[in-house]
Structure formats: structure tokens, C-alpha cells
Amino acid sequence: MTQPIELDKIRNVVNEVVEGTPIFDIHTHLYAPGFDRLLLWGVDEMLTYHYLLAEFFRTTPMSYDQFWAMDRPAQADAVWKQLFIERSPLSEACRGVLTVLAEFGLDVSTRDLTSFRRHFAQQSLEKHVETVFAHAHIRSLIMTNDPFDDQERPIWEGGWKPDAQFQSALRLDQLLNDWPEAAQKLAGWGYKINGDLGEGDRQAVRCFLRNWIERMQPRYLGVSLPPTFTYPDSSYCGQIIEHCLMPVAHDADLPVALMIGVRRGVNPAMRLAADAVGKADVTAVDHLCRAFPENRFLATMLSRENQHELCVSARKHPNLHVFGCWWFVNVPSIVEEITRERFELLGLTYTPQHSDARVLEQLIYKWSHTRTRIARVLSDKYTDLAHTGWPVTREDIGRDVEGLFGGNFEQFCRLPTM
Ligand code: HDL
Ligand code: ZN
């Protein structure tokens, strides 16, 4: 065993290991270059990320329609002016843009958006992807793949296959949250569906799921759910979960990722920025884990108020793996709070973060900011541990951090380490 680390050296060693450990990013909205325009990248896409737009709309006299009528560079110019020039870019989303620009060696003190654009215009996408993965220290990521998305579906039907770098997740929001619409589409694709979700429909939905699992080779099946989600439930959602999703996921030996607490379309004029959060009922997760002990569940919740309950539920259900500080709780103050209580209640048996990146270069800031917070909390925990006389070694820290950064997920999902 390597020598125990001296107390006053623990923080430095943790920082080194956290910075130096490559990450498996288990939930993103990125696409492999083979998905063409679906992969967003560059400074104008970063500036018009919906997180920044929500903040922009609070500052501008412009109407929503006026903004949406502009092209992407003009939208980015407007955001840059309002959020970076007219006021300091203090928010996490604004700071993130600057973290990325600085990581590429650009001098943000110039505030010269034209020069930043020139840097990205000089990049070739294939090489740029490798550069971003290297800067962000990512070894692999999981996309969000939606068979109901008319732009994405043809790419899968054309035979695209995931690889070790860009892995897939089969996303089922429309199937579970809008059965009538999904039923119409399934019928249009040739599935024998009449919409009553009787045994015939259930068989057809199971066939649909099996077909897309075969096509996408997903690491998990995912769905986002409203704060009102309950289980068991006689709703279409509850029936599809019980009679379709659970049996198919079990037979395919795939986990189901529950992402709970999103209130969709609170302000539709904001488009992707339209969604908000609501406190959800964690007992729904308990009931699912207990009703389907042979299934495995990943879970992340959107409301800060749900985090402690979710940790306690995970202590009751070994088939439940908690992951990420999702979306509105992915801000430094709350990431630290959530990560601290998870170490205290779950030890090292969870996955602290995913990036949720929508624009390629966001991998850099989302992971840089997260590594800082995780390292800070981990250092406190190893210091507390060392005070008991337990020998804290670099070897143990390395093993633990590899688990936090993807190994725990792979072990939970019985995945071969990619
Ligand atoms: O439903 C989800 O997966 C969310 O992450 C939404 O895509 C959301 O718009 C988002 O990007 N949050 O970070
Ligand atoms: Zn997401």
C-alpha cells in the first residue's frame, strides 16, 4: 500500500486526482459529428444556449418574436451586449462561456466577440471534437437519442451506430408523457396500434422498444417526468411503465433513467428555455424500485428540495443509482450542498454529475466547474476520514474518483468499462 498522505497534503492530492481522472459523461444532448447539424458547436451556439436566453429575456426591450426572427450571429450579438457588456457575466451560464474561451487561450479581457468567432471559424469539426474532449478530459459520453425526433430518426434508420466515444440513450418522453401523439406516430410507422393501450397496443409498444434498443444499442432507457409523476398510476404513463417499459428493460438488462421534476412549457415563447421546476413525490421512485426489484433504476431530480429524500430512498433500494446535479441544481452552491449530503449518506455509491451539455464546448466548463466543487467536498471528506487515523492514500483516492467519474455507473449497469 502506498504511504498515507499527510493531512495538509490531502487537498493538493485530491485536486490532482480529480483534475487528472478522465470522465464518462452519462447524460448529454450532444451528438456525434455523424449527426451533422444536430451537433451544436462554436461561440454563437454557446451564447444562445437556452440557459443564457432565459437570462437575456430578463434584460432586453426586444420582443420574443423580434429575437427569434434574427439569425444566430445577431442573436449572439444581442446576448453578448446585454449579459456581458451591459452587466457583468456573473451567472453560471455566462461564466461558463468565458471559462471555455479562456481554456482555448483566448483573451477574454478584450471582450472582442469578433476575435473569438475567428478562433472557432478556423476549426475543423472532427479535430475540434478531439480537442474539446482532451480539454474537458472526457473519455466517453452518452447522447440523448429520441426516435420521435424527425431530424434524428432518419440518421438511425440510415444505419448509424454508436461508438466508444459517443454512446446512446433511448429517450422516451413522448411515449410516456404524450401517448395519444405517440400512438399516432407508432401507427404511422406500421405498428398495430389503436390507442386504447390494450394488450395489442402493449405488445406493439414492447416491439417498438425492442426494435429501437436493437438499432441504438443504448446504455439506458431515459425519460423526464413532471413533478406530478406518481406510481402506481392508472394513467397511460403508468400503464406503459408497468406493461411495456419494465419488462422490455429487464429482458434487455438495461437500466431505466428517471429524470423527475420538470414543468414543461411554463413560458412557451422562450422555446427551449420555457421549462421550470417543481417539487416531486419521491415515493413514486420507492414504489417503482420495490415493484420491480429485478430492474435497475437511475434517478436524478430537478428540485433542490427533493435531493435529501432521494438519497434516503437510494439507501433503501440497491437497484437505485442516484446521478447528477441536473439543470437548475447544476450551480456551484447547490452542487456542493448535494454532493456533500450524498457522500455523507451514500458514501461512494453514486454518480455525482453529468454535464447535460447541448453545445460541444460546454463539456469544458461544465466539467471544469464541477471538478472544482467535487474536489473541494472530497478533500473535506478525506480530511475527516484521516482524522480518525484511517490511512488516506493516493491509490485509494484514485480508485474512488474513477468510480465517481463513470466507474460506479458502469459497475451498476454491468457495463464493460469502455
Ligand atoms: O430533459 C432533459 O434532459 C433536460 O436536460 C432538458 O434537455 C433541458 O432543456 C436541459 O438541457 N437542461 O440542462
Ligand atoms: Zn438533459
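The values are calculated or read from the model by the stated rules, or taken from the named source; none is laboratory data. As the structure is a computational prediction, the values presented were derived from the model and not from experiment. Reconstructed Cβ throughout: ideal geometry from the backbone, glycine too, with neighbour counts over all protein chains shown. In case anyone asks, the SASA skips ligands and DNA or RNA and just uses the protein heavy atoms, side chains included. Shrake-Rupley method; radii C 1.70, N 1.55, O 1.52, S 1.80 Å.
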* May I ask you to list pairs of residues, at least six apart or on different chains, whose Cβ atoms are under 8 Å apart, with the first in the range 354-382 being closer than 17 Å to P22 by Cα and without any contact (Cβ under 8 Å) to a residue 60 or more places away in the chain and the second being within 16 Å of ligand 2 (Cβ to nearest atom) and open to solvent by 10 Å² or more (accessible area, probe 1.4 Å)? => T370/N330
* Structure fact -> Over the range 148-175, the set of residues in contact with a strand residue (DSSP E or B) (Cβ under 7 Å, 6 or more places away or on another chain) and assigned to a loop (DSSP other than H, G, I, E, B) is E152, A164, Q165, S168, A169, L172
* To do: Report yes if T372 is away from ligand 1 (no atom under 15 Å from the Cβ), modelled with pLDDT of 95 or more and in a helix (DSSP H, G or I), otherwise no.
  => yes
* To do: Would you check if there is a residue in the range 207-217 being on the phi > 0 side of the Ramachandran plot and open to solvent by 50 Å² or more (accessible area, probe 1.4 Å)?
  => yes
* Structure fact -> Residues of the range 64-95 being outside any helix (DSSP H, G or I) and acidic (D, E), in sequence order, are D71, E86
* Asked: Somewhere in the range 48-58, is a residue part of a loop (DSSP other than H, G, I, E, B) and within 22 Å of M143 (Cβ to Cβ)?
  -> yes
* Asked: Taking strands (runs of 3 or more DSSP E) that do not extend beyond the range 252-350, which have at least 3 residues that are within 16 Å of ligand 1 (Cβ to nearest atom), without any contact (Cβ under 8 Å) to a residue 40 or more places away in the chain and among the β-branched types (V, I, T)?
  -> none
* Scan the range 164-199 for residues that are open to solvent by 50 Å² or more (accessible area, probe 1.4 Å) and small (G, A, S) and report the count. => 3
* To do: Would you check which residues across the range 352-364 are part of a helix (DSSP H, G or I) and either among the hydrophobic types (A, V, I, L, M, F, W, C) or away from ligand 2 (no atom under 16 Å from the Cβ) (or both) and list them?
  => L363, I364
* To do: Those residues that are farther than 18 Å from E45 by Cα and surrounded by 12 or more Cβ atoms within 10 Å (Cβ to Cβ), I need them from the range 111-135; list them, please.
  => H135
* Out of the residues in the range 16-47 that are within 16 Å of ligand 1 (Cβ to nearest atom) and part of a loop (DSSP other than H, G, I, E, B), state the one that is most open to solvent (accessible area, probe 1.4 Å). => W41
